[in-house]
Amino acid sequence: MEDRLRYVSTRGQSPPLDFADVLVAGLATDGGLYVPEHWPDLSGAFERTVAAPGRPYADVAVDVIEPFVGDSVSPDDLRSLVVDAYDQFDHPDVAPLVELGGGMWVMELFHGPTLAFKDYALQVVGRLFDHVLAQRDQRVTIVGATSGDTGSAAIEACRDREALDIVILHPHGRVSDVQRRQMTTVDSMNVHNVAIDGTFDDCQDLVKAMFADTAFRDAVHLSAVNSINWARVMAQVVYYVVAAAKVGRGGPVSFSVPTGNFGNMFAGEVARRCGVPIRQLVIGSNRNDILTRFLRTGTMTMEPVVPTISPSMDIGVSSNLERLLFELMGRDGVAVADLLTRFRDDGTVSVPVDVLAPLREHFDAASFDDDQTRSTIASVLAEGGPVLDPHGAIGVAAGRACRRDATSPMVCLATAHPAKFPDAVEEATGSRPRLPGRLADLMDRAEHFVRLPAELTEVEAFVQSVSRVPSVPPAKVVSPDRGTSR
Ligand SMILES: *Cc1c(COP(=O)(O)O)cnc(C)c1O
């Protein structure tokens, strides 16, 4: 079909696919990430949202998502699954905006089932997955790595769904109690948690290695819903459109985003490329500041990951930056692959000034340590603003530090509910935030997980043992001395 949007790999070696195939594949076979062959025009969806300030979030979502999905899902099916997804949120606006004063705004992206922004995409993506797989009479095994929130959001999006099994790896002892319990207390036959002895990057490397193991990948029909999946980025574009329309009323708006893997931030860049009037995009980092250093110096250097009070941003490498590099390097997949190979091999790589210059026209970045994060939580509250979580506080701190134009509004994304990080918030404010009603008994529920070393063969054996994909040979027994708790 002429107008069907197809997707290409950022490493240029995989054939173009349509939306449904990209959704199910996750990572491209050449190791790259999928991006649309061209950027669709979202100015119509934006204008319709400006013209109708009370427009329901789900209506905007259908408008924004439709051009990316093409004919992979019928318009009626898309509408009903999007409406159902945002029915799970506990605020009538879904993503409410709070003014801080002086044209600074906070967008609360924590009104979904797991209280973090990842719900905004994953509640849609889980339903899209189930829908597309049912159409094809297929099953998949979803494997993901989480530094905290992706895991619980993915589990909530996939739990109990017939066509999916989900295995989530988290770094043992490096996610908060609330984050871990939101994953490990889900008692569903298709949900499997693995605590890896290692860092988040170890977990992410294991996931990448499983995808690179073609025989394994085919045997369990491996798929991903972490932020490398294009559908997640796509669904995140929606709240940029909503915020820009409400706050800017047609004029330019800036965004400040607490970011780690660059998935949320890249959705803002997509909105901009698709015609939403975005003036400035601000990257907020914690001490794991590879993005901030890259923007300042043009050099990307791997550093050891340091634990912070904003653990969902404790990463050493930002996967989604690859999508931006692909754009900046003129969509030359071979050049991108070469750059990333050098980065892998040497732990450092520099991009030429002419590649970075267009980026610096609208991107800024700032990083903050834990003390600065806590003092931002305290000062925003003292000024009459909302109680922020540490990630949202970094968003606000970065927005304040980097704002270029005081005449156009700046929207800071608050990516988690403060009750997900009660210790940090209590230290900053003196009072402990309470979990909302639906999670009130979280700390009393039973946990289920296995603990494994950061060894590919062991992790693959476990995944194979739980996958319900029909081609898989009889399940291997997982020995109890690996820490099996279910
Ligand atoms: C995942 C997460 C982030 C970082 O998002 P990226 O898309 O990886 O940049 C920020 N804050 C919270 C609360 C998160 O869960």
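The values are calculated or read from the model by the stated rules, or taken from the named source; none is laboratory data. Every value quoted in this text rests on a predicted model; they were computed, and no experiment measured them. A quick note on method: Cβ atoms are made from the backbone with ideal geometry, for glycine too, and the neighbour counts reach across all protein chains shown. Just so you know, the surface numbers come from the protein's heavy atoms only, side chains and all, with ligands and any DNA or RNA stripped out. Shrake-Rupley method; radii C 1.70, N 1.55, O 1.52, S 1.80 Å.
Observations, loosely collected:
- For the range 453-466, a residue qualifies if it is touching a Leu at 6+ places or on another chain (Cβ under 6 Å) and open to solvent by less than 40 Å² (accessible area, probe 1.4 Å), and exactly one does: Val459.
- For the range 214-260, the set of residues classified as of a type in the set (S, T, N, Q) and more than 15 Å from the ligand (Cβ to nearest atom) consists of Thr214, Ser223, Ser254, listed by residue number.
- Among the residues of the range 434-467, the one identified as of a type in the set (Lys, Arg) and at pLDDT below 90 is Arg438.
- Cβ pairs under 7 Å, 6+ apart, first in the range 80-92 and under 10 Å from Ala61 (Cβ atoms) and at pLDDT 95 or above, second open to solvent by less than 70 Å² (accessible area, probe 1.4 Å) and small (Gly, Ala, Ser): Val82/Ala58; Val82/Ala61; Val83/Ala58; Tyr86/Ala58; Tyr86/Ala61
- Matching residues in the range 66-114 - criterion: being under 13 Å from Leu128 (Cα atoms) and of a type in the set (A, V, I, L, M, F, W, C): Phe68, Val69, Val73, Leu78, Leu81, Val82, Val83, Ala85
- Test result for Thr308, out of contact with any Asp or Glu (no Cβ under 6 Å at 6 or more places or on another chain) and hydroxyl-bearing (Ser, Thr, Tyr): no
- Yes/no for Asp77 being at pLDDT 95 or above, under 22 Å from the mean Cα position of the chain (by Cα) and open to solvent by 50 Å² or more (accessible area, probe 1.4 Å): no
- Odd one out for Thr185 among (1) touching a strand residue (DSSP E or B) at 6+ places or on another chain (Cβ under 8 Å); (2) touching a residue at least 40 places away in the same chain (Cβ under 8 Å); (3) not charged (D, E, K, R): (1)
- Within the range 442-452, the presence of at least one residue that is touching a residue at least 24 places away in the same chain (Cβ under 8 Å), assigned to a loop (DSSP other than H, G, I, E, B) and either open to solvent by less than 10 Å² (accessible area, probe 1.4 Å) or over 28 Å from Ala121 (Cβ atoms) (or both) is confirmed.
- The range 166-180 - residue that is out of contact with any Cys (no Cβ under 8 Å at 6 or more places or on another chain) and modelled with pLDDT of 95 or more and, of those, surrounded by the most Cβ atoms within 10 Å (Cβ to Cβ): Ile168
- Cβ pairs under 6 Å, 6+ apart, first in the range 262-289 and in contact (Cβ under 8 Å) with a residue 24 or more places away in the chain and hydroxyl-bearing (Ser, Thr, Tyr), second within 16 Å of the ligand (Cβ to nearest atom) and open to solvent by 20 Å² or more (accessible area, probe 1.4 Å): Ser285/Ser367
- Condition met for Thr141 (in contact with a strand residue (DSSP E or B) (Cβ under 6 Å, 6 or more places away or on another chain), over 30 Å from Val282 (Cβ atoms) and touching a residue at least 40 places away in the same chain (Cβ under 8 Å)): yes
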